[in-house]
Amino acid sequence: MHSRRDFLQKFTATAIALPLAQLHGAAANKSPFDEAYNGPVLKVAIMGLGGYGTRVADAMAACKKAKLTGVISGTPAKVKAWQAKYGIPEKNCYNYENFDEIKNNPDIDAVYVITPNALHHSQVIRVAKAGKHAICEKPMAVNAKEGQEMVDACKQAGVKLLVGYRMHFEPKTLEIIRQRNAGAFGKVLFFQGLSGFIIGDPTQWRLNRQLSGGGAMMDIGIYSVNGSRYMIGEDPIWVTAQETKTDPVKFKEGIDETIQFQLGFPSGAVASCLSTYSLDNLDRFFLNGTEGFAELYPATGYGPIQGRTSKGELTQPHVTHQTVQMDEMAGIILEGNKPLVPVDGEEAVKDLKIVDAIFKATKTGKKEPLAL
Ligand code: NAD
């Protein structure tokens, strides 16, 4: 039996994970851990204490700028276990009925929503109304309309909305983006994104449209959607897509098993991508320009990410993605830092507009225009 976790962990086991801060320190020939950090710290409550929430909580133990201070969960036993494991006081524990009360809790600056996809919309809006910053897992919502409502609610409340795009802080990915910006690949003309794994348990929420909003596309295909944008460095203007299904019992109406999609970009570059729940360890990005190429394989798992360009291997060390992400997000929220690739709600709405158009194109068979 396979799971998304098995897949993402596949390449992690033997890795020595370094936080990004340590890399910066290594470059400067000294570790920042030699110095005490005295800057501002983002106090974070995690909502949804499942598989990925646990991974984020564990990774946050190594953060300098972000600290896990609270939990929101519907399962009292999990809350108790997290209190014991992460030292969370009773006054910072909430459930789905009473979490609006975080409004009055100065120990919580932000809530990281890590629940099934279809719940993100209402939960993020409640977080915003409580006056707290929201960090939301991908996909931010189940369609662009809901995503936009979340962006609007956070704007109205004067809080930030960030989305868990951990690859936007991954060192090899960023190196390719820097090289592309410097013209190392010439005129970029082609991107291929392959994203898939074999999904296990047929009763899980990922295969229940009410909770997932879709199948492989919402869960794993979105990495190729988002990746095509940050690898090419443009937003697409059209999409075509074709859906195939080999197991209509497991993958019911509204749960896509496999979708191939193609994106066209203003410069003339094109992307060709595959999203599937029926092939394992499918995780490869390939970018080609007139003067060179870049490959990430694996491209989006928990790492180590491996990559090379036409000039040779990429040698940036492995980092724990969630540690770096949370430190960087604390810098964005508390210090107004600007990441090289955005991680805000507007960025996620663009991905959802593309996903909406992909679903539409599988039905119409036509080239669907995009206005991002
Ligand atoms: P999970 O099933 O392991 O955990 C989901 C949690 O939500 C559970 O603790 C569950 O109890 C809780 N929950 C609250 N209300 C629920 C309801 N009505 N029905 C079912 N569960 C409910 O799932 P996960 O893998 O942790 O995924 C959670 C979110 O994180 C998803 O949006 C997923 O796409 C995202 N995710 C992101 C990454 C990443 O690398 N960025 C990796 C995995 C998951």
Among the residues of the stretch 80-92, how many are assigned to a helix (DSSP H, G or I), more than 16 Å from the ligand (Cβ to nearest atom) and more than 27 Å from the chain's Cα centre (by Cα)? 3
Can you spot a residue in the stretch 109-125 that is more than 12 Å from the ligand (Cβ to nearest atom) and aromatic (Phe, Trp, Tyr)? no
Residues being over 17 Å from the mean Cα position of the chain (by Cα) and either farther than 25 Å from ILE354 by Cα or more than 16 Å from the ligand (Cβ to nearest atom) (or both) - total across the stretch 145-172: 11
One residue from GLY303, GLY268 being modelled with pLDDT under 95, assigned to a loop (DSSP other than H, G, I, E, B) and farther than 25 Å from LEU207 by Cα: GLY303
For PHE285: the one exception among (1) in the same structural domain as ASN208 (by TED's automatic domain parsing); (2) buried (at least 22 other Cβ atoms within 10 Å of the Cβ); (3) within 30 Å of GLN148 (Cβ to Cβ); (4) away from the ligand (no atom under 16 Å from the Cβ): (4)
Looking at the stretch 173-181, is at least one residue outside the structural domain of VAL113 (by TED's automatic domain parsing) and either among the aromatic types (Phe, Trp, Tyr) or within 16 Å of the ligand (Cβ to nearest atom) (or both)? yes
Members of the stretch 55-79 found to be away from the ligand (no atom under 13 Å from the Cβ) and surrounded by fewer than 14 Cβ atoms within 10 Å (Cβ to Cβ), listed by number: ALA61
Restricting attention to the stretch 194-244, report how many residues are in contact with a Pro (Cβ under 9 Å, 6 or more places away or on another chain), in a loop (DSSP other than H, G, I, E, B) and within 12 Å of the ligand (Cβ to nearest atom). 3
Of all residues in the stretch 130-168 being of a type in the set (Gly, Ala, Ser) and in contact with a strand residue (DSSP E or B) (Cβ under 7 Å, 6 or more places away or on another chain), which is nearest to ARG55 (Cα to Cα)? GLY164
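The values are calculated or read from the model by the stated rules, or taken from the named source; none is laboratory data. The model shown is predicted, which means the values in this text are computed figures rather than measured ones. No Cβ is skipped: glycine too gets one built from the backbone with ideal geometry, and neighbour counts run over all protein chains shown.
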